[in-house]
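These notes concern the structure reproduced below.
Laboratory data are not the source of any read-out in this text; all were calculated from the coordinates shown. This one's a predicted model, so the numbers in the text were calculated from it and none came from an experiment. Ideal geometry is used to build each Cβ from the backbone, glycine not excepted, and the neighbour counts take in all protein chains shown.
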Amino acid sequence: MKLSVQMVVVLTSVGLLSGSFLATVGILTKERVELNKQREVEAAIIKVVPGTESSTKLYEAKDFKVYGGKNQDGTLIGYGILVSGIGFQDKITLMLGTDISLTKTTRLEIIEQKETPGLGAKIEDEDVFLKFWEGRDCSQAISLRKPAVKTAEELAASEVNTITGATISSESVLKIVNNSVEKLRQLIKEGQIQDGEQDVH
Amino acid sequence: MSTRSIGQEFTKGLWNENPVLRQLLGLCPTLAVTGWVINGLAMGLATSFVLIFSSIVVSIIKKLIPSQVRIASYIVIIATFVTVADRFLAAYFPDISKDLGPYVPLIVVNCIILGRQEAFSSKNSVGRSLIDALGMSSGFVLTLLVLSSIREILGSGTYLGHQVMGSWFTPWIIMILPAGAFLALGILLGIALHIEKKTKSRI
């Protein structure tokens, strides 16, 4: 066989075989991976909306889902917004908890991120980043405090801390949060958020 | 072709040609994920899986691959097994998969794996390649285990998540940070070289 032909044939068949093998593996593991993600989401709602006993899916679109957290009596006590947006290098998936009137954040959880380890990946860090997201005023757009401060008391009501050395990742999270709060407010106004459509638990 | 005995083929990976301590290959995951024993172990096993299966496949098809496209073919084969390992971890060990994050996909560019294909599997029989891969993997896993043990015990006072140090012990936070990885690896390399020198001078 001519060398050039052999090169093409070998590379193509290696690629094809790998591709089909991976497709099989992908199909076999897909269900379990999805199940793990769903479990993680359920655990996250309980975390971001304190006092949640059960949760309901209220709205679903691509990369934007809204869950409702309910207390023991079944009263809606807050929203958990599961949303994905572009980070520094890849998608960031996070869940933001807000109160029922959409004026205060309760908690932020990062579900998935591939930011730079040691810098942007600190968006998962409780003490550096996440704790500053509790109880922020989200009736207006939240802004970033630069340079970073040490305690939450130094921040204005609608401010959150920046991660030193990871401004882009901090800004990405901020943008995702502000957009999703705005989107949810719009949806509520349009009457598209209805309670009790689908029980998660 | 290698002229070693089968036993030597295996044991060379443990000490004489240990991928981390003697060849200084694969240092990125070695430094990055050894803060906790469980992560070091998972990374070691995932890398072993990729190395063993890539070596088998490469040694089987070594005669079919024209040398001009060998690196590309090896990388595709390696990437396939890395993706399998990544999916497996995501499906069955979601917590570990989340902790290891981008370092599992990064096994593709781990020099140990491509290095063994280029230096060994592409020139030796399937059997020998398998033994070589097993030896190198064991060397890698053991080194990661030692390194992560040092770092977890000193850095958090725990072993595999269980408290092993008394309440008098203040964890050395630096050991679980990147700087601690360099310190621990540097000292480990120094000890390895020292032992090597001592044993050589005795002969």
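Ranked by how many other Cβ atoms sit within 10 Å of their own Cβ, fewest first, the residues B:Y74, B:Y159, A:Y59, A:Y79 fall in the order B:Y159, A:Y59, B:Y74, A:Y79.
Relative to the longest principal axis of the Cα atoms of chain A, the long axis of helix A:167-189 lies at roughly 70 degrees.
Principal-axis analysis of the Cα atoms of chain A puts helix A:3-48 at an angle of about 20° to the longest axis. Simple spin-label estimate for A:E190 and B:V126 gives 6.0 nm between the two label positions (7 Å along the Cα-to-Cβ direction from each Cα). Proximity of backbone amide H atoms, modeled 1.01 Å from N, is registered between A:K104 and A:D99, A:C138 at under 5 Å, excluding neighbours fewer than 5 places apart on the same chain.
Using the Cβ-Cβ distance between B:K198 and A:S54 with R0 set to 60 Å, the FRET efficiency works out to roughly 0.35. Working note: Karplus 6.51/-1.76/1.60 with θ = phi - 60° gives region B:11-27 the couplings 6, 4, x, 6, 10, 3, 10, 3, x, 8, 6, 10, 8, 6, 10, x, 6 Hz, where Gly and Pro are set to x.
Sorting B:F120, B:F140, B:F81 by the number of Cβ atoms found within 10 Å of their own Cβ, with the fewest placed first, yields B:F120, B:F81, B:F140. Counting only trypsin sites (Lys or Arg not before Pro) that DSSP places in a loop and that have at most 10 other Cβ atoms within 10 Å, the longest clean stretch of chain A runs over A:63-149. Zone of A:T103 (label point 7 Å along Cα→Cβ, backbone N under 17 Å): which residues in region A:145-161? Answer for region A:145-161: A:157-159.
Give me the mean projected area, in nm² to one decimal, of the convex hull enclosing the Cα positions of region B:73-112.
Values: hull surface 10.5 nm².
Orientation-averaged projected area of the Cα hull: 2.6 nm².
Distance check, please: which entries in A:K47/A:K146; A:K65/A:K104; A:K122/B:K12; B:K63/B:K200; A:K91/A:K146 exceed 30 angstrom between their Cα atoms?
Values: A:K47/A:K146 28 Å; A:K65/A:K104 19 Å; A:K122/B:K12 40 Å; B:K63/B:K200 39 Å; A:K91/A:K146 24 Å.
The pairs that break the limit, which is 30 Å between Cα atoms, are A:K122/B:K12; B:K63/B:K200.
Computed log10 I(q)/I(0) for chain A at 0.16 Å⁻¹: -1.01, from the Debye equation with unit scatterers placed on every C-alpha and solvent omitted. Annotation: average projected area of the protein assembly as shown is 26.0 square nanometres, based on the convex hull of Cα atoms across all directions. For a modelled paramagnetic label at A:A157, 7 Å from Cα along Cα-to-Cβ, the residues of region A:81-120 in reach, with backbone nitrogen under 13 Å, are A:103-105. For chain B, the relative contact order works out to 34 percent when only alpha carbon pairs closer than 8 Å and six or more residues apart are counted. Rounded to the nearest 500, the helix-only mean residue ellipticity at 222 nm of chain A stands at -12500 deg cm²/dmol, with each DSSP H run of n ≥ 4 adding -39,500 (n - 2.57).
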